[in-house]
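J.: Structure below; questions to follow.
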Amino acid sequence: MSFAQLTYRESLRDIEICLRALGPKLYHAGFRSKISRSTLADANQRRDWRIFADFAHILIRRARVLYASDPLAVDLEQTVYAMDSTTIDLCLSLFPWAHFRTAKAAVKLHTLLDLRGNIPCFVHVSPGTTHDSTSSIDC
């Protein structure tokens with residue numbers, strides 16, 4: 001799954017095709033047989049999402065230290081943040097808990113970026129119906 005994330009794969013089929021194209025090289029990464037979508041789906045279902053969240057927090061902490069001394073376009077000594085949000089459309093039949101409109105599902109992703117290195121330092125997922133001006137996010 002980390003390979004899929006780092007190479008911007010968009011679906012299990014996309015991951016499978018990409019991994020099969022790398023066939024002989026996968027042996028060195030510990031893969032002993034062909035990769036199938038069902039195997040990927042099973043692995044994805046068994047992994048707790050918090051493992052990836054914890055790993056992301058570790059990487060963000062390391063990146064903030066690395067970019068702490070990078071100059072900004074504006075001459076400021078303090079840290080500068082930018083807050084943004086985006087609505088992520090989802091399939092209602094696959095995500096019925098994320099009801100957004102009559103035939104649509106969605107969640108809203110609120111992100112606080114540290115402008116030194118454009119590193120996210122805060123991420124919050126809310127219902128897609130949450131309006132930007134009325135959302136109350138405790139930072």
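Read the figures in this text as sums done on the coordinates, not as results from a lab. A quick note: this is a predicted structure, and the numbers were derived from the prediction, not measured. Don't worry about glycine lacking a Cβ; one is built from the backbone with ideal geometry, like all the others, and counts go over all protein chains shown.
J.: So how far apart, in nm, are the two label points at I88 and R101 if each is 7 Å from Cα heading toward Cβ?
T.: According to this spin-label approximation, the distance is 2.0 nm.
J.: Under 1.5 on a/c is rounded, so check that first for region 1-59, then, if it is not, pick prolate when a/b is larger than b/c and oblate when it is not; a ≥ b ≥ c are the square roots of the alpha carbon gyration tensor eigenvalues. Numbers along the way, then the final one.
T.: Numbers: a/c = 1.81, a/b = 1.60, b/c = 1.13.
Here region 1-59 falls in the prolate category.
J.: Each label point is 7 Å from the Cα along the Cα-to-Cβ direction; what then is the distance between the points at L72 and S133, in nm?
T.: Going from the L72 label point to the S133 one covers 2.6 nm.
J.: Continuing with the same structure: Match the structure shown to one of the listed values (1) 15.0, 44; (2) 14.7, 57; (3) 19.1, 55 of Rg and Dmax of the Cα atoms in Å, computed from it, and give that label.
T.: Only one listed value fits the structure, namely (3).
J.: Next question, about the same structure. Test of understanding: what is the full-extension gain from R32 to H124, defined as 0.36 nm times their sequence separation minus their Cα-Cα distance? Spell out each step's value before the answer.
T.: Details: separation 92, 0.36 × 92 = 33.12 nm, distance 3.84 nm.
Extra length available between R32 and H124 comes to 29.3 nm.
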